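Here's the structure, in structure tokens; my notes come after.
Just so you know, all these numbers are worked out from the coordinates, no wet-lab data involved. Nothing here was measured: the structure is a model prediction, and the numbers come from that model. Note that each Cβ is placed from the backbone with ideal geometry, even for glycine, and that neighbours are counted across all protein chains shown.
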Amino acid sequence: MIHNKKIHFIGIGGIGMSAIAKVLIKMGNTISGSDRVLNANTDELKALGANIFENHCESHLGDDVDYLVYNSAIRDNNPEFIKAKKLNIEILKRAQMLSRIIPQNKGIAVAGSHGKTTTACYLSELLYKLDESPSFIVGGIVKEVKTNGHKGSSEHFVIEADESDASFLFFNTLYSIVTNIDNDHLDNYGGREKLEQTFIKYINENSIITILNMDDPGIQKINDDINKKNIIRYSSHKDKYDVFFEIKSMYEGVSDFSLSYKNNKYNFVTNVLGEHNINNLISAVIYLLENGICEKKIQTVIKNITGIRRRFDKLVETKDFLVIDDYAHHPTEIKCVIDSIKKSYPNKKLIAFFEPHRFTRTKNFWDEFSYCFEGTDNFYLLPIYDASEDPIEGITSKRLFEDITNTNKEYLASLSAIKENLTKYEKNGNIILSLGAGPISKEFRTIYNASAI
């Protein structure tokens, strides 16, 4: 347990870093940190008592700091990083610090290429509404609690386990959920085989009980290499695994699903939309049932999930039009969101705006990006958001635009061009969709005067 320590964060405004910092404050630690751009996360940290600096400078790091915490975006030429090394301050990656916060063999970690934030936030919200007093450190704002980091009093501690750099191997929790395995962050692994081997190691060694989504082809592929006894496998294929689930209906804001588990059948109605989101929600429900929470209580709180900021997030909902903001930035995620909207609102016109995230991801999934927007009625592409990456020659949105298969498509040279293209769609029950992990979300929230990021 970390208590009464002085801890400095480089990149403290990030969604994952700020969540850790918030919980550390509640644990009795003194927090400082810096970031290039201050935001709502740093504002909240200031209100909690953290000392926040804009930009990076060695003077921001005190000589009496016990730990320096950094994330993968920080390079070793950062002045605060350099000073910490000179002072022999213990330097920890984000996941290393997180692993020291959560008690050994306690809590639950959610891993997977897609859906881990959604799943972790669903579980955190449900536990909170059930008065289970959970702690959570997640990569999204749980709207019910209005934060990404919360310290409760029970042993329910929900975290995200990040596979992007294999840092999820730092964790040893009581439970884990693995949502899926897909081709992402392959530059960090050198190929798919290494990615799969790392997930196999994580599943077999880094928790006592693991909940696995067997509808995912990536998990199916490695299933024979999983040799741990305490596995709960769930699937929509009847009589094949431990838990069978069935989505009975999903239409205009209401989903009805059931699951069969340990010789019992449970029925649930929820406002969560999208097959991929229901799939994520089911893993959270399995955890609740495993921990002795009764069906009726779950049925009550699951009816109206407040949800996660930037995940199928409804910014505007009127009789004339609906605006949804979603963090999806990988082709698989994008296709899931578009398919979910078309199935839930089959008679509505869908207009999508997409801001690509990182040059490397755009390069690695060029072909997939070219066709993943099929299903939209009108499509708008924006410039690539670099996320601190250096440009790659020939990898531009303008070039990608030429390869995108949609017929009704348009290239916008900047985020500021979005607003003038919206008015004509704000009618006839149309659905307007913002897609991307970068500042496109803030732009849409500014246009529609929605809550800040």
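Numbers at a glance
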{"read-out": "Taking region 6-93 and dividing mean pair separation by its residue count, relative contact order in percent (alpha carbons under 8 Å, at least six apart)", "value": "31 percent"}
{"read-out": "Above-threshold pairs, the threshold being 19 Å between Cα atoms, out of Lys146/Lys314; Lys221/Lys265; Lys314/Lys419", "value": "Lys221/Lys265"}
{"read-out": "222 nm mean residue ellipticity, helices alone, for the chain (DSSP H n ≥ 4; -39,500 (n - 2.57); rounded to 500)", "value": "-9000 deg cm²/dmol"}
{"read-out": "Value in Å of the Kirkwood radius, where the chain supplies the Cα pairs that are averaged", "value": "22.8 Å"}
{"read-out": "Residue pairs, from the table Lys194/Lys228; Lys83/Lys106; Lys129/Lys303, whose Cα atoms sit over 23 Å apart", "value": "Lys83/Lys106"}
{"read-out": "Whether region 24-173 is rounded, prolate or oblate, judged on the alpha carbon gyration tensor where a/c under 1.5 counts as rounded", "value": "prolate"}
{"read-out": "Antiparallel DSSP beta bridges within the chain, percent to nearest 5", "value": "30 percent"}
{"read-out": "Bridge type composition, region 313-447 - antiparallel percent by DSSP, nearest 5", "value": "15 percent"}
{"read-out": "Qualifying aspartates and glutamates (Cα of each under 17 Å from Cα of Lys262; at least 8 residues distant if same chain)", "value": "Asp239, Asp242, Glu246, Glu290, Glu295"}
{"read-out": "Integer Hz, Karplus 6.51/-1.76/1.60 couplings in order for region 349-362, x for Gly and Pro", "value": "7, 10, 10, 10, 10, 10, 10, x, 10, 6, 5, 5, 5, 4"}
{"read-out": "Straight-distance crosslink candidates among aspartates and glutamates, where the alpha carbon sits under 12 Å from Lys240 and sequence neighbours closer than 8 are dropped", "value": "Asp215"}
{"read-out": "Residue order, fewest to most beta carbons within 10 Å, for His114, His276", "value": "His114, His276"}
{"read-out": "Exceeding the 19 Å Cα-Cα cut-off - candidates Lys93/Lys229; Lys116/Lys342; Lys398/Lys442; Lys6/Lys46", "value": "Lys93/Lys229; Lys116/Lys342; Lys398/Lys442"}
{"read-out": "Residue order, fewest to most surrounding Cβ atoms within 10 angstrom, among Cys372, Cys336", "value": "Cys336, Cys372"}
{"read-out": "At most 10 other Cβ within 10 Å, DSSP loop - GluC sites (Glu not before Pro), region 372-445", "value": "Glu393"}
{"read-out": "Assigned charges on the beta-carbon of Lys, Arg, Asp, Glu; the chain dipole about Cα centre (debye)", "value": "980 debye"}
